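The values are calculated or read from the model by the stated rules, or taken from the named source; none is laboratory data. This structure is a prediction, so every number in the text was calculated from the model and none was measured. Virtual Cβ from ideal backbone geometry, glycine too; neighbours counted across all protein chains shown.
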Amino acid sequence: MTQVKAWAAFEAGQELKPFTYELSAPESEEVEIEVSNCGVCHTDLVFIDNEWGMTPYPFVPGHEIVGRITCPCLLMIET
Ligand SMILES: [Zn+2]
């Protein structure tokens, strides 16, 4: 388990607040990434404000990331 420190919206239209959660270990078809940079785009703003009526709160915005894969042993390449 990895503890993640993030900023999250807890209600539609509210400011982001510090949020900590536990991340489970990667499964067989997943990789673990140490995020170095994260962007917030218009889609994140739509989700923060629940404009599509489907935002699960608390919601951590920032799905566009740059980072380093820290567990390459999980990569499976088909030939
Ligand atoms: Zn985006």
When the residues of the range 46-64 are filtered to those that are out of contact with any strand residue (DSSP E or B) (no Cβ under 7 Å at 6 or more places or on another chain) and more than 10 Å from the ligand (Cβ to nearest atom), which remaining residue is nearest to residue 21 (Cα to Cα)? 56
Can you confirm whether residue 22 is at pLDDT below 85, away from the ligand (no atom under 16 Å from the Cβ) and under 21 Å from residue 1 (Cα atoms)? no
Residues satisfying the stated conditions in the range 5-27, i.e. of a type in the set (A, V, I, L, M, F, W, C) and either surrounded by 12 or more Cβ atoms within 10 Å (Cβ to Cβ) or in contact with a Pro (Cβ under 6 Å, 6 or more places away or on another chain) (or both): 6, 7, 8, 9, 10, 12, 16, 19
Residues satisfying the stated conditions in the range 50-79, i.e. in a loop (DSSP other than H, G, I, E, B), of a type in the set (Val, Ile, Thr) and modelled with pLDDT under 95: 70, 77, 79
